[in-house]
Amino acid sequence: MKKVLVVDDKPSISRLIVQFLSQTFEVVTKEDGLEAMAWLQAGNIPDMILTDLEMPNMNGIELITKVKESGYFSDIPIVVLSSKDSSNDRITCLKLGAEDYLMKPFNPEELLIRMERILNK
C-alpha cells in the first residue's frame, strides 16, 4: 500500500483526508513542516506529500523548498491543499516543484483522482 504524508495544522482537515484516503493509502499526518521534515529525516519515505500552506513553525512553501532542495526527498511528489486562492501562491508552489494545487474546500474524489494520476506517471 502506498504511503501518503498529510501536513496540515487543522485536525479536522487531517481527519477528513485520513478518513477518505485510508481505504486506498497508508496515511501519516503531521501538524507542520517542521514535524514533517523531522519525520522524513528519521528515514520515512512517503510516496506523496499533501501539504497546506499556512502552518506554524514551517509553512508549506518552506516545506516544498526544503523537500525539493534535498537530494534524498526531491523525487517525492507534493500536492498543495490550500484555502489561499491566489494565483501568485499557485505559481510559486508549481515553480518550486509541487505537482498540483487544490483549493479548500476540495472534493475528496477529485483529490483521489489527481493523486492516482500523479502516482501512476
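For the range 41-121, the list of chymotrypsin sites (Phe, Trp or Tyr not before Pro) that fall in a loop by DSSP and count at most 12 other C-beta atoms within 10 angstrom reads TYR72.
Simple rule: put +1 on each Lys or Arg Cβ and -1 on each Asp or Glu Cβ in the chain, find the dipole, and look at GLN23, LEU81, GLN41; the Cα lying farthest toward the positive end is GLN23.
Say the cut-off is 19 Å between C-alpha atoms; which of LYS30/LYS121; LYS10/LYS84; LYS2/LYS104; LYS3/LYS121; LYS84/LYS104 go over it? In this structure, LYS30/LYS121; LYS2/LYS104 lie more than 19 Å apart at Cα. Less than 5 angstrom separates the built amide H of LEU50 from those of LEU5, VAL6, VAL7, VAL79, all sequence-distant by 5 or more or on a different chain. Take the Cα pairs of the chain, get the Kirkwood Rh, then feed it into Stokes-Einstein at 37 °C and 0.692 mPa s and tell me D in µm²/s. Here the translational diffusion coefficient equals 233 µm²/s. Placing R0 at 35 angstrom, the Cβ-Cβ distance between ALA42 and ILE113 gives a FRET efficiency of 0.70 after rounding to 0.05. Relative to the current alpha-carbon distance between LYS104 and ASN57, full extension at 0.36 nm per residue lengthens the span by 14.8 nm.
Can you give the calculated 222 nm mean residue ellipticity of the chain, where each DSSP H run of n ≥ 4 adds -39,500 (n - 2.57) and the sum is split over every residue, rounded to the nearest 500 deg cm²/dmol?
For the chain, the value works out to -13000 deg cm²/dmol.
Take each peptide in 28-40, 81-93, count the other Cβ atoms within 10 Å of every residue, and average; sorted highest first, the result is 28-40, 81-93. Highest average first, the peptides 13-24, 53-64 ordered by how many other beta carbon atoms sit within 10 Å of their residues are 53-64, 13-24. For the range 1-118, the Cβ-based charge dipole about the Cα centre amounts to some 120 debye (Lys, Arg positive; Asp, Glu negative; other atoms uncharged). Think of each Lys and Arg Cβ as +1 and each Asp and Glu Cβ as -1; about the Cα centre, that makes the dipole of the range 59-117 roughly 140 debye.
Full extension of the chain between ASP85 and SER22 gives 20.0 nm of extra length, using 0.36 nm per residue less the Cα-Cα distance.
Any read-out appearing in this document is the output of simple, stated calculations on the displayed coordinates, not a laboratory observation. Note that this is a predicted model, so its numbers are computed, not measured. Every residue, glycine as well, gets a Cβ built from its backbone with ideal geometry; the counts of neighbours run over all protein chains shown.
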